Each structure stands twice: as C-alpha cells, then as structure tokens.
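To start, the structure under review is shown below, and the notes come after it.
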Number of protein chains: 4
Amino acid sequence: MVKAGIIGSTGYAGSELVRLLMGHKDVEIVWYGSRSYIDKKYAEVYRNMFEIVDAVCMDDNMEELADQVDVIFTATPQGLCASLVNEEILSKVKIIDLSADFRLKDVKVYEEWYKLEHKAPQYLDEAVYGLCEVNREDVKKARIVANPGCYTTCSILTTRPLVAEGLIDPNTLIIDAKSGTSGAGRGAKLPNLFCEVNENMKAYGVATHRHTPEIEEQLSYACHKPVTINFTPHLVPMNRGILVTAYASLKPGTTDEEVRAVYKKYYDHEKFVRVLDEGECPETKWVEGSNYVDVNFKIDPRTNRIIMMGALDNLVKGAAGQAVQNMNLLFGFDEDEGLRQVPMFP
Amino acid sequence: MVKAGIIGSTGYAGSELVRLLMGHKDVEIVWYGSRSYIDKKYAEVYRNMFEIVDAVCMDDNMEELADQVDVIFTATPQGLCASLVNEEILSKVKIIDLSADFRLKDVKVYEEWYKLEHKAPQYLDEAVYGLCEVNREDVKKARIVANPGCYTTCSILTTRPLVAEGLIDPNTLIIDAKSGTSGAGRGAKLPNLFCEVNENMKAYGVATHRHTPEIEEQLSYACHKPVTINFTPHLVPMNRGILVTAYASLKPGTTDEEVRAVYKKYYDHEKFVRVLDEGECPETKWVEGSNYVDVNFKIDPRTNRIIMMGALDNLVKGAAGQAVQNMNLLFGFDEDEGLRQVPMFP
Amino acid sequence: MVKAGIIGSTGYAGSELVRLLMGHKDVEIVWYGSRSYIDKKYAEVYRNMFEIVDAVCMDDNMEELADQVDVIFTATPQGLCASLVNEEILSKVKIIDLSADFRLKDVKVYEEWYKLEHKAPQYLDEAVYGLCEVNREDVKKARIVANPGCYTTCSILTTRPLVAEGLIDPNTLIIDAKSGTSGAGRGAKLPNLFCEVNENMKAYGVATHRHTPEIEEQLSYACHKPVTINFTPHLVPMNRGILVTAYASLKPGTTDEEVRAVYKKYYDHEKFVRVLDEGECPETKWVEGSNYVDVNFKIDPRTNRIIMMGALDNLVKGAAGQAVQNMNLLFGFDEDEGLRQVPMFP
Amino acid sequence: MVKAGIIGSTGYAGSELVRLLMGHKDVEIVWYGSRSYIDKKYAEVYRNMFEIVDAVCMDDNMEELADQVDVIFTATPQGLCASLVNEEILSKVKIIDLSADFRLKDVKVYEEWYKLEHKAPQYLDEAVYGLCEVNREDVKKARIVANPGCYTTCSILTTRPLVAEGLIDPNTLIIDAKSGTSGAGRGAKLPNLFCEVNENMKAYGVATHRHTPEIEEQLSYACHKPVTINFTPHLVPMNRGILVTAYASLKPGTTDEEVRAVYKKYYDHEKFVRVLDEGECPETKWVEGSNYVDVNFKIDPRTNRIIMMGALDNLVKGAAGQAVQNMNLLFGFDEDEGLRQVPMFP
C-alpha cells in the first residue's frame, strides 16, 4: 500500500484527489494537509466525505511528511512547492506538484509570467512534465513530476499531433478556451460568487494568462522550433469542464483522412484520449467526473484553417486525475487504476 | 458473472444503471433495450459511453431476454413491466422494476393514482418493495423487486424512524420535496427545456403526485395504522438531487437526544444513510453521484413540530443505485459492490 | 423632481433600487452611499451602469444627506438605520428602510431574533410597515417606512387573505420557502461561491430565521390573535426569485370557490398581486425583474389542508420594487410609476 | 399610435418583442400571430404576460394583417417572410423581418447556406440591412428591414471599425462566439433540454453556421473587398447573452491609442454601443435585458494580433430590441424609445 500525503487538500483540486484516491486500491492517504483548516476534521470542510474520511487536517510540513509517505501531492498556489522541496525530501519521496512551479524549464519565463522568484530552480531540469500521453517513460523514473495545468492539458492534447506532424503552422495557432468555475478555486472572492458567475460569461487574462508559455514550450518540443500562440481563457457558468476551440492554418492540400490518421496514430492506444467520430463536437458533460479527454476537428476549406476541439474535466484530467495517472506510472500500477470512472451524465 | 439486461436503457435512469454496472465487478450488461433507438449504437445515444460501451440498442423483448440474462432491470414508464412479465419469465430471471408497477400492494390505489389498468395484479403480493434498509431480508428472496420511487426513497428514509417509534404523529406529516430536472426524464417536452427550467422554480402535481400513496403505504407499515400525508414536489434548476423537508407534530416532551438516538438506532449500521451532525442541514451536492442519503432534523420548540430533512441523488439512491443495491442483495454480493463512489464535489 | 439618496447602494438590493429609479420619471438619485466603495465610480462597482450612472460613491452620512434629498433609502445591514436616524433628520426627509430595524413593533422580539440592541426604539410605534397592499393609507402619511423582508412579503401576501377571513387556522401554518442566491447578498463568503451553490440545494436557518416573527406579527394583525408558525427557507441555484409553499388546515367544508372568492376580494384591484387561474402553479421566472407577486392555491380534500403558493422577485417586490412602490405612495405618484416592467422571460 | 402585428409572437424573440413593445409609448400590438397556438390566450403561452396581455393568438395571415397594422414583425423561421410578402402588402405596411430572408444580397449565397429556395428575391436589393449603427439613414426610408442575426450583430459591431479603418486584415479574422440557449428557440428538442445543456458546453455548426456569410458580407462593405472568415458558435448554459471573442492580425505598429480612437470615432455618439474602459472585458450579464452592446479589445504584442470582444443580449440587441430600434427609425420616434431598460444585474 503506497502512502500518500496531500499538501493543499482542501482546495477543489485537493479534494478531487481525495475523491479519486479513496477509490484507488493501492493507495492510502495518511496526511490531509491544509494550512487554512489545521486541526479541523476534513469531513467538516468537505461534507461529501462524511463517514468516508475520518482524518483531521494537518499543516504543510513537507519534511515531516517525507518521513511518513511515499508520495506527496502539492495542490497549492504557485511558489509553495518550490519553497519547500529539497534534496533530503527528494531522497525519500516522490513529489507530484499540481502547481506550476516545475512546469516551465526556463526560470526567466516562470518569473516573468508568474511574478514570483523561483525558490528551487536547481530542480527545473530534473522535473518531468507529467503529461502522461507525451512523457510516459520519463515520468516513470522521475522524482518530481510537474503536473500540467488544466487549460494546457486540454490545449496540448488537442493540438499537439498536428503540430508534431507538421500539418499546421504552430505560429498561426489561436486557442480559445472556456472553463467551468471550479478552476478559479475555493477562495471567497466576489467575482466567483454565484450571482456574479451564473447567467454570465466573460474572457479574462486576455493575452496574459500563465498557461500560455506552458503550451508554447510543450508545442515547441513537438515541432522542434519556437512557438508563439494566442491563448484566451473564458469563465463559463458551470462547475466543471474545459472546452478548447483551437484554430490554425492547415498545410495546403491536407485532407480530413490525413488529419484523422494523425490523431489515430497518436491516440488509438491511449485509453484516456478519445478521438470522436467524424462530425461530433466534444462536449464537457460527456467527460465529467472522468479522466477522459475528447478531441475532434473540422477543416474549413473556405479559409484553409482547421478547427480543433477538445474537452476534459478540469479537476480530473486537468488536475487530480492526471496526478493519479502520474502516480500510477511512478509506482508501476496500472495506468488507469483509480481512474476507471465512467463519465457522469447528466 | 451475472448477466444483466436493461429494458429502457436510454432514459436517464437506464443510463445511470449502465454507468454504475460498468463499475460492478460481478455483472456484465448483455442487453441494452430501447424501443426508441433500436439498432443504434448505445454510445451514440449517450456519448459519455464512447469507447466504453460498444453495444447496439435492442428492442424490449422480455421473453427473449429472460433466456439470456440472470436479471432484468426495467427502467421504463409505468405499465410496461406489468404488461410483459409472466410466470415463465419469472421462472428464469429476477426482475428489478424501476417503474411503479409493483410498488403499491392495492391495485385499486395503483389504478386510481396512475390512471392505468394493472396488467399483472397477481404479482403484487409477491413483489418485494425494494427499499433495502427496510426490507433487506425479503429482497434477498424475491423474484420481483419493486424499486422505490426517487421522492419516496428520500421521504421514507427521512421520516420512517420517527413514525415507527411513535415520536411523530404521521397524520400531521407534510413533505415538501424539491427535485433536480433529471427526474422529469429525457423526453423532449417544452417545460423541460433549459430556458424554461433555468432560473426558475415551481411546485407541480400539488396534492396529486403519484408518489404520495407509496409514501403513505410504507409509513403505514411502520406504524401499523393508516397514514395520510401532504406531499408537494417542486422542480429545481439543477440536474440531480432531491431534497426533502418534512414537518410533523412531535410527541410532547421529546428531546433532541431522543430523536437522535432513534435515527442512530435505525441507521448507525447502514452504510448508505448518513445521520449528519447536529446543526448540519443536508445538501444535495454532498451526495451527488453516490448512493448516500443524508438525513438530519431540527426541533422547533415554539410550535412543537419537528423539521426532518433528507437529501439524495435521484438517479442513484433514488433509482439506479438502489436498483444495484437490490441486485446485490438478490445475488449475494456485497451490498455496496459497484456503489462505492465518493460523492462528487463540486 | 424628488431627490433620492441611497445608503448602501452597492449591495444587490441597493443596485436594484438604482436600476428601478433610473426608469422613474419623477425621481433623481443624488447620493450613492457605500461605505465599502467611497470615492469609487458607481459604474465600476456595477458595470451594467456604465454610461448610465456617472456618480461616485459617497459615505453613509445621513445627516448631510437629509439636507440634500427628499427621501433616503437605507439598503444596509440591520442596525445601521436605527443607529443613524434622529428627529432632526426625520423633520427633513422621508426614510424608507429596507433593513429590519423598524419592521417589528416589539423591541424585545427584535433584539431576541436579531441579537442586536435597538438604537432607536422610540420610532417603532411611528414607523409604518410598508406592505403597500395592506397598509397603503398609513404609508402615505409616514415618516419612516419599514420596507418588508423578501420572504415575508411573499409569505404574507400568499396567506393573509385566508388568515384574515378565518378560512385557515393560522397556528397550523407551515411555510416552506425557497430563494435565489441574490438574497444572500454580495459579500464574498465561501458558501455563496458559484461552485458551492450551483447544482445544490439546502435548507438553512431552520426554525430560527429572522423573518419568522415578522410574518407572525403581520398575520396576527390580520386575525386579531397571536400566531405562531413554522418557516423554513431554502437556498436554490438561481439568481433571483422566491417561491413560497404554505400549508394550513382549512376550515371544514370550505370550497375552492370560496377560497378563490377571498383571494379575489383582496387582490382583484391590486395591480401587483396576480391570482392565477385555477390549476396554475406560480413560477419564479414568470415574475422575474418585475414587481408582481403571483399567488394560487390547491385544496387537498384527503387531508383537509390547503396548499398556498406565491412567487416574487426577491430584489423587486421583495426589496427595491416595494421600496419604490412605498416611495410612490409617500409622494403621491402613481403607485406603479417606475414599476411597469413586464417580467422578463426567459 | 402605431399599430403593430407580430407573426411568430410565441417564439422567444417574438415574446421579447411583446415585452419591449408593451413598454413603448407610441405602439400598440394588435395582432399576436402564432401558427402553433391559434385561438389560445397569449398569456397562457407566456404566463409572465398574465393580466398584461389579454389577446388571443391569431394565424399568420400577412395580407389581412397588412390592412390592420402599420408595421409587421416577422419572428419566424427562415423562408416564411419571403413566401408571404408581396407588392400589395408592401404598399400598405412596413415589414421588419427578424429571419434571415432579406439579410443576404446574393440569392445564391442564401440558397447555399440555408438550403432553401428564396421565394421573393425581387426584394433583396430593396431590403435594408437593419444594423442601425451602420445603416441608420437607409433604414428610415425602407419598406423591408432585414433585422440582423444575433451572432452577426455582435460580431459586426465588435470588429467593423477596425476592418473599415484598415487596422486589421479581415481575412485573418477568426470569430469564436458563445451564446445562451434562448438562441436555440422554444422548440421541444432533446439537445435543448435542461439536463443536456446545464453543466455543459460545446461548439456546433463548426465552419457551416449560417451567420458566417452575413458577417462576411457586411464586413466586405466596410473594407470594400471580399472577406472570408472563420466563425464558430458555442452553446453555453445560460438563458441569454452572446459573447464574441474575435482574433485578427493587426496592422504593424498600431498602438492601443489608435485602436481606441477608432472605436471612439465609430461609437462615441452611439447610445447602444459602449466602448469599455481599458482592461475591462465585456460580460454578458452586464447587458442582460437591455439593448446595449459592450465592446473592448486587447493587443497581444507577442503575436501582433488583436483580440476584440463584444457582448450583447441575444434577444434584445440581437433580435427584438434591434427590431424596435429599427421601427423607431422607420416611424421617426426617438431611437431609444422603449429601449431605455437598464441592464438587470444579477
């Protein structure tokens, strides 16, 4: 039985980790970290856990935790994981960081977009970007896994095959993304109140959202050249779900069949990426509560652009589910252990 | 491996059965019945099942089905199950009927409230009312299980201990129930359109809703005398969830502790009924996607009434989950097999 | 042109007052009070007002305000209005208080339910309870109008005719009320976050909600004896709207026609109270954005109880709209001036 | 008093016309046309109109209507208006067509995108495209006004100034649009059920939506050359509101100030188009229920693209409100008569 500790277990991503790990046959959570709720029963913070989780919230002591567990998940704001991690800790436990601290290889890019000094740049090279479908083998050997962002997971899985195969010009890529509100976290902020979000929609972080360089970096690895894109996130009145609509110029003459063949090549053997049938547009509800990503595309011959679409549950494949998938790789479990939930509809 | 067939697999309750049974280690669905979608791929009707269910919808032939499966679930409108069932079928398979056909023992009451002639009244006596927490032992031996209604499950589990123990006067009972919209089914009807339901709330079926006699009959068994109640359902702009707020006159002098002790007596050993801590009001979101029912109460000393509250997911404990629980009893599986989902929040 | 000042103009009720008064031909808002946003442009706090309201938020100085305006609306938390008002102010302006400070005649009841010391009990007798349909003539002559609560307006208008005419026993009255989330205000609190409210429903303040004594007091005036009721509010995932479902024992032998005749007697001449046709249940969406209250009823002959139903928009007839209606009475305008909005659907 | 008739008064756009015209001081609706509800009381179809509209639904007889009214609104599916209109009718009344029949000048484009034979192509040249901010003077003299589509109104008003002034390359334009569900109409279709739409999001009509050629045609007039764009609509779980996010390559060297100056040049004198302050992103809720369009932009220097954003209420400025605005122009009323509603928040 692998022992797991969660730092930041009372955020939405943290609580989703708890939900998923409760159904994982080889893992036991032994530490529910939460600075805000130390000594409070976890089930009082998340009452869905009543009579399921009996533990009390602990503080965020990574050193102590390293002695007690085999894997630490950090589901905390940017900066915390980097400020806590050190060689001694890494010698004892695996770390799966759900924050952005180890996602970007270039510390300058991190500090520019996150407006934070990076406290552990020495581990940037070593950390593995935990997009399982891309870096599966490297993840297995990692000490630090940088769990990808929600928007980035959806954006990359939706567009990467065509970038990698040279079917689209990556510098024409425009990603228009829409997210449910759980992505904004459980902080008590006015813009996230029900009455402000319900019956409303807006773009935010236009041209400045931090997931932009993460997408660019990963796509640049796929095509071996620098990539600069437009990325615009939007807030949608729903709890869960990210939908990505991506636009790019298609290599002239490329057919539907060729594009479909590329998607199949990359994803036919991937359980969690479903390439939909022709003509079907991904819908967030069809993946809700599950680790699936649904992708599809449509070519517009009038403009010679391709419209690529992807949908996932931001708390599962976009956060906690992918973290569990990474953990499964790290510990040699079946990759879908604890992740076999059928999407819940309606 | 128990083989299961579902008649009416493309309604919301039917599809929820599919979702739950896909995660049940001892059951295999071999027949996806659906009159409306014969020969259509199930995953085209419910695209969450893409790459999960590969089957094609079949018609509703119960006789043929009886030769192929061990258990038949009927998730169909009232009247169908009663019109199909016969002795030969019952000699071969177990039937779990999610409709109301076998819930009421008195055929006259059925025909009066449902405005339907009952086609198989000879099985009314034999059929077992499948509220597992009440009739567990009888369910185990049944041929026909009448799976309770969604509102009734919530109403009965919330109020029955106090009725049974004589702490409330059952004829003062007023049940004000609120339901998400999935309870209205997947029929394409104007009142169920998004724009008609969203940002709206209403009562319906006032003083005439068909779950009324079902609640009355079950509560009358608990207190050994006739019970007549008021029951008012309401439609709420959410997908899933039923909340019951029930009011009754409390036996004079009854204390909080006595009431709590009664709830504990009935439910302490019941996995799926959670008696919340003092002061906590059940919320539908805390049980979403799971088979739990959360109950609690508050005494109002000013009026000497007690307010009892209960919450469940209408598609799980209120329909498909309870059907699986009944199946587990019928076949001797762990009662919670396939039903260990942690409620999903948010 | 009547000059109006609003203390607490940046809450949801305050902003609804602004919306309604902008469409009132005889009123001009000259003071947008808001402790939280002093010196900030009002249109930056409520961006629907961009290019409509050009003013800047002011503090809550009631004395200074009294010199500049003819009427002051206080849309603030309990206690503030009572702490500010004095004889000099009342000699200069009319006050319409949207808080509960002057709604209850008995200072002990106020202090018990609100856990606050009342700072101006000397005005309790004089203040007029501003339920226009009940106290129209008194409102016209008032200096202080106590604008009724949202739940209370709906509860009283729905039940009062039958209480007044002795058709129901008021001490059997049980009011189960459901409200949209704007009733909880614009404070940044975790329970009001989108993800906590959406797809969720719960009761709250069970047996302790402060609108209880207000309903009881007003109904006791109607039947000339003390009234004690049960009142349970619920939170519903919608922005606006209150639905009341009320239950009471009906005077034996009372017919549908008699009940309808009583409702007609009280409301046939009331523009803002609509008695729906037989069989129609009020829906909150059908009154949204307007000052209407829709009411109807159903007799249950099985239990000899009557179910009364009412729906209104909590921010309009439940708060700002009624405040404008009171202002119209105070200043001799047409009672529906500024309140002729057709309900918005969908 | 201008007399108005509405053909198709029981769709969502038709009912919004009724709501708006009830508040218009110079217009009286004398004909509520509705094929589906002939002889039914209008207030039974839209119960918000109870005690407000007393009329009964009539059939769609345009010839008879032409004798009784001054202006006919057709809020019907494509094809109907073109099939009914003739010279005699046009000699008697003004027609404001909310369908697409007269929006596209080229009959071949219409027939290709709408898969319909056009029954009155002889009026295509004469009909005026009723985007008031663009064609104000022509509308005043028109006999047939082609009321623009909801997506198109938002898309054109958001992008047209920069197209017209040559600041963006129109053939790089990508419009990603999101709409509330009322745009899908009041037909009882499965995909529009509450449980299918709620907590869900999807693209639809990708690369084939009929508003595409309408946007292209209007933008081509603005820049005097053919324009081909990408347009992708999405369905969002809210009742009302359209949000447009548009991307295009910016003329090298263009500054924020230059872009803002262009928007101001076009819209400073336009009541219904609000250019938001720098950094503010349009939100659909801030215009709900009103005739406003909010627009703004952000330049991304990294890609040298500009992101333009616009928001409107699809039933008001996107349909009925714009129709009333056109009517005001036709009859010489104040352009904002009947359209002074302050947006409703929340």
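Can you tell me, using C-alpha contacts under 8 Å and at least 6 residues apart, the relative contact order of chain C as a whole percent?
Relative CO of chain C lands at 17 percent.
First obtain the Kirkwood hydrodynamic radius of chain A from its Cα pairs, then insert it into the Stokes-Einstein equation at 25 °C and 0.890 mPa s, and state the resulting D in µm² per second as a whole number.
In µm²/s, the coefficient rounds to 120.
Provide the percentage of antiparallel DSSP beta bridges, counting only those with both residues in chain D; round to the nearest 5.
Taking every DSSP beta bridge with both residues in chain D, the antiparallel ones total about 50 percent.
Accessible area of residue D:249, 1.4 Å probe, to the nearest 10 Å²?
Accessible surface of residue D:249 is approximately 40 Å².
Count, for each residue of A:51-62, the Cβ atoms from other chains sitting within 10 Å of its Cβ, then give me the mean as a whole number.
What the average comes to for A:51-62 is 1.
Please go through segment C:193-290 and write out the trypsin sites (Lys or Arg not before Pro) that DSSP classes as loop and that have at most 11 other C-beta atoms within 10 Å.
For trypsin sites (Lys or Arg not before Pro) across segment C:193-290 that sit outside H, G, I, E and B with at most 11 neighbouring Cβ atoms in 10 Å, the list is empty.
Please report, for residue C:270, the nm distances (one decimal) from its label point, 7 Å out from Cα along the beta-carbon direction, to the equivalent points in the remaining copies, shortest first.
Ordered by increasing distance: 4.3, 4.5, 6.2 nm.
Let me know the charge dipole size of chain B about its Cα centre in debye, to the nearest 20, where only the beta-carbon of Lys, Arg (+1) and Asp, Glu (-1) is charged.
Taking the Cα centre of chain B as origin, the dipole is about 600 debye.
Using the Kirkwood radius built from alpha carbon pairs, what does the Stokes-Einstein equation give as D for segment A:88-135 at 25 °C and 0.890 mPa s, in µm² per second?
208 µm²/s
Given H placed on each backbone N at 1.01 Å, which residues far from residue D:274 in sequence or on other chains put an amide H within less than 5 Å of it?
Long-range HN contacts for residue D:274: D:293, D:294, D:295.
Kirkwood hydrodynamic radius, segment C:202-346, all distinct C-alpha pairs: what's the number in Å?
One over the average 1/r among Cα pairs gives 16.8 Å for segment C:202-346.
What is the average number of partner chain Cβ atoms found within 10 Å of a Cβ in A:307-314?
Mean shielding by partner chains, rounded to a whole number: 2.
Each residue of segment B:321-328 in order: what ³J(HN,Hα) in whole Hz does its phi give by Karplus 6.51 cos²θ - 1.76 cosθ + 1.60, θ = phi - 60°, with x for Gly and Pro?
These are the phi-based 3J(HN,Hα) values: x, 5, 5, 5, 4, 5, 4, 4 Hz.
From the helices alone, meaning DSSP H stretches of at least four residues, give me the mean residue ellipticity at 222 nm for chain D, per-run term -39500 (n - 2.57), in deg cm²/dmol to the nearest 500.
Rounded to the nearest 500, it is -8500 deg cm²/dmol.
From the phi angles alone, apply the Karplus equation (6.51, -1.76, 1.60; θ = phi - 60°) to segment C:282-293 and give each ³J(HN,Hα) in whole Hz, x where the residue is Gly or Pro.
Each residue of segment C:282-293 in turn: x, 10, 5, 5, 6, 10, 4, x, 10, 8, 6, 10 Hz.
In segment C:39-80, what percent of the accessible surface is made up of carbon and sulfur (1.4 Å probe, ligands and nucleic acids excluded)?
41 percent
Would segment A:50-105 count as rounded, prolate or oblate if I go by the C-alpha gyration tensor, calling it rounded below 1.5 in a/c and otherwise prolate when a/b exceeds b/c, oblate otherwise?
Taking the square roots of the gyration eigenvalues as a ≥ b ≥ c, segment A:50-105 is oblate.
Per-residue accessible area for residue A:24 at 1.4 Å probe radius, Å² rounded to 10?
10 Å²
If I ignore ligands, DNA and RNA and count only protein heavy atoms, how much of residue A:3 is accessible to a 1.4 Å probe, in Å² to the nearest 10?
90 Å²
Looking only at segment C:253-346, where both bridge partners belong to it, what percent of the DSSP beta bridges are antiparallel (to the nearest 5)?
75 percent
Cα gyration tensor of the protein assembly as shown, axes a ≥ b ≥ c as square roots of the eigenvalues: rounded (a/c below 1.5), prolate (a/b > b/c) or oblate?
Rounded, since a/c falls under 1.5.
Going by a ≥ b ≥ c, the root eigenvalues of the Cα gyration tensor, does segment A:82-219 fall in the rounded group (a/c under 1.5), the prolate group (a/b larger than b/c) or the oblate group?
In terms of gyration-tensor shape, oblate.
Quick check: with the 1.4 Å probe, what order do D:26, C:300 take by accessible area, largest first?
Result of the area sort, largest leading: D:26, C:300.
Charges at C-beta only: +1 for Lys and Arg, -1 for Asp and Glu. How large is the resulting dipole of segment D:120-261 about its Cα centre, in Debye rounded to 20?
480 debye
About the Cα centre of the protein assembly as shown, how large is the charge dipole given +1 on each Lys and Arg Cβ and -1 on each Asp and Glu Cβ? Please answer in debye to the nearest 20.
Computed charge dipole of the protein assembly as shown: roughly 0 debye.
Any idea what log10 I(q)/I(0) is at q = 0.10, 0.13, 0.14 Å⁻¹ for segment A:136-291, Debye with uniform C-alpha scatterers and no solvent?
Here log10 of I(q) over I(0) equals -0.41, -0.69, -0.80.
Please compute, for peptide A:182-189, the average count of beta-carbon atoms on other protein chains lying within 10 Å of each residue's beta-carbon.
Per residue, the average neighbour count from other chains is 4.
Quick check: with the 1.4 Å probe, what order do C:107, C:324 take by accessible area, largest first?
C:107, C:324
How many nm is it between the label spots at residue B:117 and residue B:264, if each spot is 7 Å from the Cα in line with the beta carbon?
About 5.5 nm, to one decimal.
Considering Cα pairs under 8 angstrom that are at least six residues apart, work out the relative contact order of segment B:171-295 and quote it in whole percent.
32 percent
Using a 10 angstrom cutoff on alpha carbons, build the Gaussian network for chain B and name the most mobile of B:208, B:153, B:303.
With Cα springs under 10 Å in chain B, the top fluctuation among B:208, B:153, B:303 is at B:303.
Report the label-to-label distance for residue A:257 and residue A:92 in nanometres (one decimal), using points 7 Å from each Cα along the Cα→Cβ vector.
Using points 7 Å along Cα→Cβ, the separation is 6.0 nm.
In the protein assembly as shown, what percentage of the DSSP-assigned beta bridges are antiparallel, given to the nearest 5?
Approximately 50 percent, going by the DSSP bridge assignments.
The values are calculated or read from the model by the stated rules, or taken from the named source; none is laboratory data. Worth saying up front: this structure is predicted, and the values here are computed from it rather than measured. Every residue, glycine as well, gets a Cβ built from its backbone with ideal geometry; the counts of neighbours run over all protein chains shown. Surface areas here come from the heavy atoms of the whole protein model, side chains and all, with no ligands, DNA or RNA. Shrake-Rupley method; radii C 1.70, N 1.55, O 1.52, S 1.80 Å.
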